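For reference, the structure is listed below as structure tokens.
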Amino acid sequence: MLYQQIARNKRKTIVVMFGFFVLVALIGAAVGYLFADSAMGGVIIAAIVALVYMSVIIGQSTDVVMGMNNARQITSAQEAPELWHVVEDMAMVARVPMPKVYIIDDPSPNAFATGNNPEHAAVAATTGLLEIMNREELEAVMGHEMSHVRNYDIRLQTIALALSAAISVLVNFAGNFWWIGGGRRDDRDNNSANVLAIVGSILLIILAPLAATIAQMALSRNREYLADASSVELTRNPHGMISALEKLKTAQPMKHVSPSSAGLYISDPEGGQKRHWYTGLFDTHPPLDMRIKRLEEM
């Protein structure tokens, strides 16, 4: 059951990422069609914009993310023995290099991983997490974070952020250009097929940011399920992960957290709760009860 769930989650991730790239291409086609009468030209421009954003964002250092979350690095086991040795053990089991280790001074239990790849990764845990988790539960949490590193989730989320930024740039360009009268104008626009294409392109541009947000959140939620299952694979102990998630259910919102990095944490650092099915579309994390249920079904 464990390996089937991991495989299923990976397939879902591929579908979501494919949908993201298709959405970028469609936005480019819509912009190109409206303003240059060339859908293919728009796709090419969109691809260039997306690649530029990916190269810039992926190149950002871990220090920036850690700085946004007020994390301090520990450089030896003497500073936080249990955390250091658990991270070291989980990295060894996951067969990834030992990441940099950080601590966030916050009473709310939480943790996250970041970086460009396993060779340049870092993990952070709050003081609240270290206080309430026993060794077994801490191993499960760090196994979860090592899974994000091993599975390249940290890079996937970065790519998703870059694609969302590229979509925002294209949409803003379309909106600004449209208001200054840059829309395509010629006799062919009177053709009913062209009118429908123009209306469809405008609707696509308007709804694109919403679709991008939903896709980004869906990717984040799916990777949490995968990391939970992968942590069990590493620790061979589903009870540890279940027990850790049970404790996270009682966590209060963190005092200082960067909204842009909320999706990196093992649980929602802002304490958001799903109230309706449509609000769940914008959640960065799946409900903890659902995550626990999936682990119990393994």
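The values are calculated or read from the model by the stated rules, or taken from the named source; none is laboratory data. The structure presented is a predicted model; accordingly, all values stated were derived computationally and were not measured. Cβ: placed from backbone, ideal geometry, glycine included. Neighbour counts: every protein chain shown. For the accessible areas, the whole protein counts, side chains as well, though only heavy atoms, and no ligand, DNA or RNA atoms are used. Shrake-Rupley method; radii C 1.70, N 1.55, O 1.52, S 1.80 Å.
Things to note:
- Whole-percent carbon and sulfur share, accessible surface of segment 27-102, 1.4 Å: 64
- The GluC sites (Glu not before Pro) found in segment 62-171 that occupy coil by DSSP, while having at most 15 further C-beta atoms within 10 Å, are E79.
- Antiparallel DSSP beta bridges within segment 82-146, as percent of all bridges there, nearest 5: 50
- FRET efficiency, 1/(1 + (r/R0)^6) with R0 51 Å, evaluated for A47 and H239 via beta carbons: 0.65
- Taking amide H positions as modeled 1.01 Å from N, with prolines and chain starts lacking one, the residues under 5 Å from A121 and 5 or more places away or on another chain are K100.
- Segment D63-I214, length gained on full extension (0.36 nm per residue, minus Cα span): 51.6 nm
- The protection proxy used here, the mean number of other Cβ atoms lying within 10 Å of each residue, ranks peptides 98-108, 221-231, 287-297 as follows, highest first: 221-231, 98-108, 287-297.
- Once the chain from T75 to E297 is taken as fully extended at 0.36 nm per residue, the excess over their C-alpha distance is 76.0 nm.
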